[in-house]
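Reviewing the structure listed below.
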Amino acid sequence: MSKDSITLTDKEKKTGNSSANKSTKAWEVVKISRHPNRPVFKDYIELIFDNFIEFHGDRCYADDPAISGGFAEIDGKKIMLIGHYKGKNTTENIERNFGMAKPEGYRKALRLMRLAERFNVPIVTLIDTPGAFPGIEAEERGQAESIAKNITEMAKIEVPIISLVIGEGGSGGALGIGVGDKILMLSNSIYSVISPEGCASILWRDSKYAADAAEALNITADALIKIGVIDEIIKEPPEGAHNDYKKTAENVKKALLKNLKVLNKMSEGKLLKHRSEKYSNIGKYSLK
């Protein structure tokens, strides 16, 4: 994305003649990642994992249905599975708060991660959220603190962690369960510090420039793997995961098993060192 396409002229602002009005690759990926028929956490449980036993509550305030988790098996191997839980229709999405977790959701997730550590079971997290819930009640109960604590504690968890972005990976809401030894993304998923609409509203005071923002943010899997933020892209069927749940699940399962096999061979010390180095290197750049 060139500087000219990020900084709009006065004429462009008045006429709306910017690349935001054109179909861009990044914006197309954003739309696919939000497709109403895209497979969600529940679908992957049914297609990939066996014997899922869900745990509830954060042992502090409440149970948050926007995040689900519990012990499960993949190909006969025990794991702790945790993920954002979007619904498949309006009623389910309201019940699940559209996958936007509150502090109790992140505290529940951390409780389950510590349980996995106690029983020496690897952790798999499925990320699919527009962001953490921004409501006043979430702020009153410590939204920022709960996410920050998860990030800090996940860096020290002594079992393998694989994080997979299956749809939207929005801001701190995604990072709250997203600190992994391996970060994977489906090819039509997105991962960003802010939504394109939010970015456009800040930079240009108008969300109609969201397509420009999507390009500028390096929001796609193709862009993020080039700059070292993620480790692997899992290919989706043509036109998106919503067109073939079974094939998508097969690809996801294959990638998870491959990475679990590698990580399970690492000692605790090597695992933590690798995780620390991975995140220390993100954002480094050279002036050459």
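When Ile94 is tested against (1) closer than 24 Å to Pro196 by Cα; (2) surrounded by fewer than 16 Cβ atoms within 10 Å (Cβ to Cβ); (3) in contact (Cβ under 8 Å) with a residue 12 or more places away in the chain, just one condition goes unmet, and that condition is (3). Yes or no: Glu197 within 24 Å of Arg34 (Cα to Cα), touching a Ser or Thr at 6+ places or on another chain (Cβ under 9 Å), acidic (Asp, Glu) and surrounded by fewer than 20 Cβ atoms within 10 Å (Cβ to Cβ)? Against the criterion (within 24 Å of Arg34 (Cα to Cα), touching a Ser or Thr at 6+ places or on another chain (Cβ under 9 Å), acidic (Asp, Glu) and surrounded by fewer than 20 Cβ atoms within 10 Å (Cβ to Cβ)), Glu197 qualifies. Taken over region 236-263, the residue count meeting the criterion of being surrounded by fewer than 17 Cβ atoms within 10 Å (Cβ to Cβ), of a type outside the set (A, V, I, L, M) and under 16 Å from Ser163 (Cβ atoms) is 1. The residues of region 204-220 that are closer than 24 Å to Ile147 by Cβ and either out of contact with any helix residue (DSSP H, G or I) (no Cβ under 7 Å at 6 or more places or on another chain) or part of a loop (DSSP other than H, G, I, E, B) (or both), listed by number, are Leu217, Asn218, Ile219.
Taking every residue in region 63-84 that is closer than 11 Å to Phe41 by Cβ and pairing it with any residue that is among the polar types (S, T, N, Q) and part of a strand (DSSP E or B), at least 6 positions away or on another chain, the pairs with Cβ-Cβ distances below 7 Å are Ile82/Thr125; Gly83/Ser68; Gly83/Thr125; His84/Thr129.
Looking across Lys247, Lys258, Lys270, Lys235, one residue alone is closer than 21 Å to Arg38 by Cα and without any contact (Cβ under 8 Å) to a residue 24 or more places away in the chain. It is Lys247. Being of a type outside the set (A, V, I, L, M), out of contact with any strand residue (DSSP E or B) (no Cβ under 8 Å at 6 or more places or on another chain) and either closer than 19 Å to Ala72 by Cβ or in a helix (DSSP H, G or I) (or both) is the filter here, so list the residues in region 83-95 that pass it. Correct list: Thr90, Thr91, Glu92, Asn93, Glu95. A count restricted to region 1-55 and to residues that are among the hydroxyl-bearing types (Ser, Thr, Tyr), at pLDDT 50 or above and in a loop (DSSP other than H, G, I, E, B) stands at 1.
The values are calculated or read from the model by the stated rules, or taken from the named source; none is laboratory data. Just so you know, these numbers come straight off a predicted model, no measurement behind them. Note: ideal-geometry Cβ built from the backbone for every residue, glycine included; neighbour counts use all protein chains shown.
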